[in-house]
Amino acid sequence: MCSNSLALIKNMTNTNIASQVKANTLKLMTKDGENWPGWLAAEDRRLLLSETVTPNVVVATDGSGDYKTVSAAVAAAPTKSSTRYVIKIAPGVYRENVDIPSNKWNLMFLGGGQSKTIITANRNYANGTGTFDTATVGEW
């Protein structure tokens with residue numbers, strides 16, 4: 001009986017379940033070969049493709065921008081905005097947790113690059129913070 005059960009499970013895994021999982025997978029790439037998620041609006045694609053995105057505010061640790069912290073720029077962003085609000089984050093290391101309230105809509109962070117603009121913090125479960133709240137940038 002054990003052998004028969006394993007054979008049935010193997011058969012189901014190789015055919016029905018595998019094809020069902022593949023059919024229900026969220027497709028992040030478009031069919032035309034572009035590297036954009038299907039849920040990304042055309043207007044947002046144009047914004048990301050444009051070489052000159054005009055930021056609403058600039059964050060810089062050295063004080064040369066409008067704000068020194070990303071959190072301050074988020075706090076200053078309009079609430080429930082119907083238009084995109086671009087926060088440009090200058091290259092540097094930002095040691096802060098950025099909490100984005102649920103009433104701050106249409107925010108876009110624009111950094112200087114993966115290895116140049118770094119947001120880091122130290123919330124963790126071992127220090128008493130729940131796993132849900134350990135993200136460096138998160139919504140609440």
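The values are calculated or read from the model by the stated rules, or taken from the named source; none is laboratory data. What you see is a predicted model; the values in this text were computed from it and never measured. Neighbour counts run over all protein chains shown; Cβ positions are idealised from the backbone, glycine included. Side chains are part of the model used for accessible areas, which takes the heavy atoms of the whole protein and leaves out ligands, DNA and RNA. Shrake-Rupley method; radii C 1.70, N 1.55, O 1.52, S 1.80 Å.
Name the residues in the range 86-114 that are assigned to a strand (DSSP E or B), more than 14 Å from residue 72 (Cβ to Cβ) and either open to solvent by less than 60 Å² (accessible area, probe 1.4 Å) or touching a residue at least 40 places away in the same chain (Cβ under 8 Å) (or both), would you?
Result: 86, 92, 108, 110.
Would you pick out the residues in the range 93-140 that are at positive phi and out of contact with any Lys or Arg (no Cβ under 8 Å at 6 or more places or on another chain)?
Those that are at positive phi and out of contact with any Lys or Arg (no Cβ under 8 Å at 6 or more places or on another chain): 113, 128.
Does residue 121 fit the bill of being open to solvent by less than 50 Å² (accessible area, probe 1.4 Å), over 23 Å from residue 48 (Cα atoms) and in contact with an Asp or Glu (Cβ under 8 Å, 6 or more places away or on another chain)?
Taking the combined requirement at face value, the residue satisfies it.
Within the range 54-62, does at least one residue satisfy the condition of being at pLDDT 85 or above, open to solvent by 70 Å² or more (accessible area, probe 1.4 Å) and not in a loop (DSSP other than H, G, I, E, B)?
no
If I ask for residues that are within 25 Å of residue 134 (Cβ to Cβ) and not in a strand (DSSP E or B), which ones from the range 63-75 would you list?
68, 69, 70, 71, 72, 73, 74, 75, listed by residue number.
Within the range 124-140, which residues are assigned to a loop (DSSP other than H, G, I, E, B), open to solvent by less than 60 Å² (accessible area, probe 1.4 Å) and not aliphatic (A, V, I, L, M)?
124, 129, 130, 134, 136
Considering only residues that are more than 18 Å from residue 118 (Cα to Cα) and in contact with a Lys or Arg (Cβ under 9 Å, 6 or more places away or on another chain), look in the range 67-80 and name the one that is most open to solvent (accessible area, probe 1.4 Å).
Only one residue tops the list, namely 80.
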